[in-house]
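Chemist: Attaching a single structure in structure tokens format; questions to follow.
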Amino acid sequence: MSLHLPVLIVVLLLAASYTVPLLDRYRRGLTLPVTILSLITAFISSLYLLYLIGVQGPFVYHLGGWPPPWGIELYIDYLAVYMLIVISSIGLLVIIYGAKDLLHEINEEVLSWYYTLYLLLMASMIGIALTNDLFNLFVFVEISAIASCGIISAKADRRCIEASIKYLILSALGSGCILLAVAMIYMITGNLNFDYVAAALPEALKLYPYNIVIALGLFVVGFGVKSALFPLHVWLPDAHSSAPSPSSAVLSGLVIKIYAVALVKLLFRVFPPQIFEAIPILDVILFLSVFAVMAGSIFAMVQDDLKRMLAYSSIAQIGYIFMGIGLFGGRALTGGLLHIFNHAMMKSMLFLAAGLIIYATGIRNLKDLKGIGVRMPWTMGAFAVGAFSMVGIPGTSGFISKWFLALGALDLNRPFYVAIILLSSLLNGIYYFPIIIDAFFGTKVDPVSEFRDVPALMLIPVLILAAGVIFFGFYPKPLLDLVNKAISF
Amino acid sequence: MEVITKLLNNYYYFAAMILFVIGFHTMLTHSNLIKKIIGMNIMDTSIFLFFVSIGYVRGGRAPIIQEGAGYLYVNPLPSALILTGIVVAVSVTAYALSLIVKLYAHYGTMDADEIAIIRAREER
Amino acid sequence: MDDLVIRSVSRLVVPFIQLYGLYVIFYGHLSPGGGFAGGAIVASSMILYGLSFNLEAGSRKLGHDVSSFMESGGAIWYLIIGLLGILFGSNFLANRYAGVSLGTPGQLFSGGIIFFLSLGIGVKVASTMITLFYSLSGGEDSSGSNN
């Protein structure tokens, strides 16, 4: 029974997402409990899967009982389980926060649709993490693209709708590239299963090198658009800043990273290592990631809007993950993958804290935040923890992933990237510290007139995430063990 | 000369690629959102054409096996995959169109550039 | 669009389109077609009805309640059929491996669970298409109700 667990998680989330609209009609009060319960189940199942593969090692699951060349295969290894835990834990905390916050951000009629799309997004992301089949990957990528546009446009605000159509069009472009790449791969190998393709590609590389190079390029462009790698990031600031706060937290925290993980799976498990000699794709990724890290921070510095600043900061942070992919030397990739969880924690926490500030005071402009720390000590305390972690102060989890990235760069004799990491940390400091200093020590220019008390249910997820950032900053061993197992392809 | 023969032998791949570029170009350069969606559909269709032509066998029939008939059958897998792809493309198109309807209600225009101008004026 | 010719013709044609759609759904495992194609044909008949009479008459034939029930129901039906595979000791969506009788090839009830799966897909696709049509044409709020 437990071997069916991976598919049951996806089925459970899908079933819950289709049940929610029905419940909305007959028992409206049950929609939220069903959503939260299914995510709790998914989280517990992910932890159990971690235990299970610890006991018996990575295993495969054949849908419909059909063995690989014919059927769809799920491959449950440490990387998949790592992503499962990241997705289900952050997803659960964000929707607990969203239960109250969404009431004032979106209309009541579309609230149950929001839960539907949210669960669909979770199911599709878990599917991307688990699948071992190229076309299945494409289908899950498309579902997650539509669902993530949906949770932006759920807010009946014209800026949200504009942002989501921009996102939808660019992400359809990315999907087109991915599908064309899948077609190229299928054309020369006749297989869609990752393992079979990986077995066929070294031989095919001699016969049809152009097809494989084009497919690789299309995959990088497609997933690059979707995960907002630097020159392809234009959709992100609008989409992530105008969306409802829980959507921003999930989109910035999880969605852009799952595409990076899909790219990691393809680059290192499917494509043969010889391809990196034929075309310097890793160097291209590295080059773009350096630009992403610098440009994201520089753009973030000039923003007035709190959520827009956080959105630009995401572009810089996704750069670190791609830097880890591009360096691909043991510890650098550890750092990059570790940053997926760390950044998921801190960025979703920062977006939720920003949401709390907007909920309580309605302030979005950075200049009006002076003295807010006195009014909302817990929220701004969590915000400060997140900001320290973004900068990479020792004792926070952000430090650990940057440390491993830097170590990995030194291992490969590329100290230039250490300098880049240090410089961008400095830039992060330049735009995060003034906010905190103003919030706690700034004198209020004009006292905030309307102030709503923050419900405990909204504050608790933020505090849990802040505690997580500090805990994994001091005790990163469990995460490190998991990530080190995950990158042994 | 060799290139031309190769192109002529694989004219369906060539056509698919031309369509792909047309769609890509339309999607990126036109500011009218409806045209962007049309471009997206052309691009998707070109990929479907490409995918289906991979599985095509000249003179093949639909792969419903009849005992002892000895027909040639086309590869059914690309067609089955493309059916899924079409479903996805239809839902993306429908969703995009419904967003455009809403956008038109809010801004009174379907032109991305004009919307950007309106927004810039608002923010000032 | 109140035209006698259009109305009479569509009144005549709609049942046949629906019959053809059902045929495509039910024979999906025997001939080209299946749940998606058949569901789209059935939906097109309802859309034709709505266009040639008027939209309100069309939406009365299949109310919003019913179509959203069918949408969720079709998907859940698919998942339940899939889970039966696990229940019968094989994997998700298992067909032959779960011991389902495959019947004689060429007969209507052959192919095990594929028949039931295409039925679920057909219901889901038809209702989704109809909902999409009405929400796009009526300007009704449709924030992401498709999947």
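Chemist: So which residues in segment C:93-142 are away from chain A (no Cβ under 13 Å), under 30 Å from residue A:112 (Cα atoms) and either loosely packed, with under 15 Cβ neighbours inside 10 Å or in contact with a Lys or Arg (Cβ under 7 Å, 6 or more places away or on another chain) (or both)?
Modeler: C:138, C:139 - these are the residues of segment C:93-142 that are away from chain A (no Cβ under 13 Å), under 30 Å from residue A:112 (Cα atoms) and either loosely packed, with under 15 Cβ neighbours inside 10 Å or in contact with a Lys or Arg (Cβ under 7 Å, 6 or more places away or on another chain) (or both).
Chemist: Among A:476, A:461, A:455, which is the only one that is crowded, with 19+ Cβ neighbours inside 10 Å and either over 27 Å from the mean Cα position of the chain (by Cα) or closer than 30 Å to residue A:368 by Cβ (or both)? Full working, then the answer.
Modeler: Working: A:476 fails: either over 27 Å from the mean Cα position of the chain (by Cα) or closer than 30 Å to residue A:368 by Cβ (or both); A:455 fails: crowded, with 19+ Cβ neighbours inside 10 Å.
Only one candidate qualifies: A:461.
Chemist: Within segment A:186-232, take every residue that is within 14 Å of chain B (Cβ to nearest Cβ) and not in a helix (DSSP H, G or I) and give me the one that is farthest from the chain's Cα centre (by Cα).
Modeler: Applying the filter and picking the extreme gives A:208.
Chemist: Okay, moving on. In segment B:102-117, how many are within 11 Å of chain A (Cβ to nearest Cβ), aliphatic (A, V, I, L, M) and surrounded by fewer than 17 Cβ atoms within 10 Å (Cβ to Cβ)?
Modeler: Matching residues across segment B:102-117 total 2.
Chemist: Against the condition facing another protein chain (nearest Cβ under 10 Å), over 13 Å from the mean Cα position of the chain (by Cα) and β-branched (Val, Ile, Thr), how does residue C:47 come out, does it pass? If you could, list the steps in order and put the result at the bottom.
Modeler: Numbers: facing another protein chain (nearest Cβ under 10 Å): no; over 13 Å from the mean Cα position of the chain (by Cα): yes; β-branched (Val, Ile, Thr): yes.
So residue C:47 does not fit the description; no.
Chemist: Would you tally the residues in segment B:1-35 being free of Cβ contacts under 8 Å to residues at least 40 places away in the same chain and either outside any helix (DSSP H, G or I) or among the aliphatic types (A, V, I, L, M) (or both)? Don't jump to the end; show me each part of the working.
Modeler: Initial filter on segment B:1-35 (free of Cβ contacts under 8 Å to residues at least 40 places away in the same chain): B:1-11, B:14-30, B:35.
Now restrict to residues that are either outside any helix (DSSP H, G or I) or among the aliphatic types (A, V, I, L, M) (or both): B:1, B:3-4, B:7-8, B:10, B:15-19, B:21-22, B:27-28, B:30.
Result for segment B:1-35: 16.
Chemist: Sticking with this one: Of A:183, A:154, which residue is touching a helix residue (DSSP H, G or I) at 6+ places or on another chain (Cβ under 6 Å) and within 14 Å of chain C (Cβ to nearest Cβ)? Even if it seems obvious, please write down each step before you answer.
Modeler: Details: A:183 fails: within 14 Å of chain C (Cβ to nearest Cβ).
Result of the check over A:183, A:154: A:154.
Chemist: Within segment C:1-52, track down each residue that is among the small types (Gly, Ala, Ser), at pLDDT below 90 and under 15 Å from residue C:125 (Cα atoms).
Modeler: C:28, C:33, C:34, C:35, C:37
Chemist: Exactly one condition in (1) in a helix (DSSP H, G or I); (2) free of Cβ contacts under 8 Å to residues at least 12 places away in the same chain is not met by residue A:46; state its number.
Modeler: Tallying (1) in a helix (DSSP H, G or I); (2) free of Cβ contacts under 8 Å to residues at least 12 places away in the same chain, residue A:46 fails exactly one: (2).
For (1) touching a helix residue (DSSP H, G or I) at 6+ places or on another chain (Cβ under 8 Å); (2) hydrophobic (A, V, I, L, M, F, W, C); (3) at pLDDT 90 or above; (4) crowded, with 17+ Cβ neighbours inside 10 Å, each residue gets a yes or a no:
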| site | (1), (2), (3), (4) |
| --- | --- |
| A:11 | yes, yes, yes, yes |
| A:25 | yes, no, no, no |
| A:45 | yes, no, yes, yes |
| A:66 | no, yes, no, yes |
| A:85 | yes, yes, yes, yes |
| A:88 | yes, no, yes, yes |
| A:91 | yes, no, yes, yes |
| A:95 | yes, yes, yes, yes |
| A:106 | yes, yes, no, yes |
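Chemist: Of the residues A:137, A:121, which is within 14 Å of chain C (Cβ to nearest Cβ) and in a helix (DSSP H, G or I)?
Modeler: On the way: A:137 fails: within 14 Å of chain C (Cβ to nearest Cβ).
Matching residue, one of A:137, A:121: A:121.
Chemist: Take the residues of segment A:1-50 that are touching a Gly at 6+ places or on another chain (Cβ under 9 Å) and aromatic (Phe, Trp, Tyr): which is farthest from residue A:109 (Cα to Cα)?
Modeler: Residue satisfying both the conditions and the ranking: A:43.
Chemist: Then there is this: Hand me the list of helices (runs of 4 or more DSSP H) wholly inside segment A:326-440 holding 2 or more residues that are touching a residue at least 60 places away in the same chain (Cβ under 8 Å) and more than 30 Å from residue A:263 (Cα to Cα).
Modeler: On the way: elements: A:331-361, A:372-375, A:377-391, A:397-411.
Helices (runs of 4 or more DSSP H) meeting the threshold: A:331-361, A:372-375, A:377-391.
Chemist: Does residue B:97 satisfy being of a type outside the set (Asp, Glu) and either within 30 Å of residue A:157 (Cα to Cα) or buried (at least 19 other Cβ atoms within 10 Å of the Cβ) (or both)? Write out each step before concluding.
Modeler: Working: of a type outside the set (Asp, Glu): yes; either within 30 Å of residue A:157 (Cα to Cα) or buried (at least 19 other Cβ atoms within 10 Å of the Cβ) (or both): yes.
So residue B:97 fits the description; yes.
Chemist: Still on this model: Can you give me the number of residues within segment A:1-33 that are touching a residue at least 60 places away in the same chain (Cβ under 8 Å), out of contact with any strand residue (DSSP E or B) (no Cβ under 9 Å at 6 or more places or on another chain) and among the hydrophobic types (A, V, I, L, M, F, W, C)?
Modeler: Number satisfying all stated conditions: 7.
Chemist: Here is a further query. What are the pairs, 6+ residues apart or on separate chains, where a residue within segment B:62-91 that is assigned to a helix (DSSP H, G or I) has its Cβ under 9 Å from a residue that is charged (D, E, K, R)?
Modeler: B:85/A:142; B:85/B:44; B:86/B:44; B:88/A:142; B:88/B:44; B:89/A:142; B:89/B:44; B:91/A:142
Chemist: Still on this structure, please answer the following. Look at segment C:66-77 and say how many of its residues are of a type in the set (Ser, Thr, Tyr) and at the interface with chain A (Cβ under 9 Å from one of its Cβ atoms). Steps first, answer last, please.
Modeler: The initial filter retains those residues of segment C:66-77 that are of a type in the set (Ser, Thr, Tyr), namely C:67-68, C:72.
Subset that is at the interface with chain A (Cβ under 9 Å from one of its Cβ atoms): C:68, C:72.
Counting residues in segment C:66-77 that are of a type in the set (Ser, Thr, Tyr) and at the interface with chain A (Cβ under 9 Å from one of its Cβ atoms) gives 2.
Chemist: Same structure again: In segment B:79-96, how many residues are farther than 14 Å from residue A:167 by Cα and at the interface with another protein chain (Cβ under 7 Å from one of its Cβ atoms)? Let's see the steps before the verdict.
Modeler: Of all residues in segment B:79-96, those farther than 14 Å from residue A:167 by Cα come to B:79-91, B:94.
After this cut, where a residue has to be at the interface with another protein chain (Cβ under 7 Å from one of its Cβ atoms) as well, the list is B:81, B:83-85, B:87-88, B:91, B:94.
Residues that pass the stated criteria total 8.
Here's the yes/no breakdown for (1) of a type in the set (D, E, K, R); (2) closer than 26 Å to residue A:235 by Cα; (3) buried (at least 24 other Cβ atoms within 10 Å of the Cβ):
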residue	(1), (2), (3)
A:124	no, yes, yes
A:143	no, yes, no
A:152	no, yes, yes
A:196	no, no, no
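Chemist: Scan C:39, C:58 and give me the residue that is more than 14 Å from chain A (Cβ to nearest Cβ), within 25 Å of residue B:77 (Cβ to Cβ) and in a helix (DSSP H, G or I).
Modeler: Numbers: C:58 fails: within 25 Å of residue B:77 (Cβ to Cβ).
Answer to the selection: C:39.
The values are calculated or read from the model by the stated rules, or taken from the named source; none is laboratory data. Just so it is clear, the model here is predicted, and its values are computed rather than measured. Note that we place each Cβ from the backbone using ideal geometry, even for glycine, and neighbour counts take in every protein chain shown.
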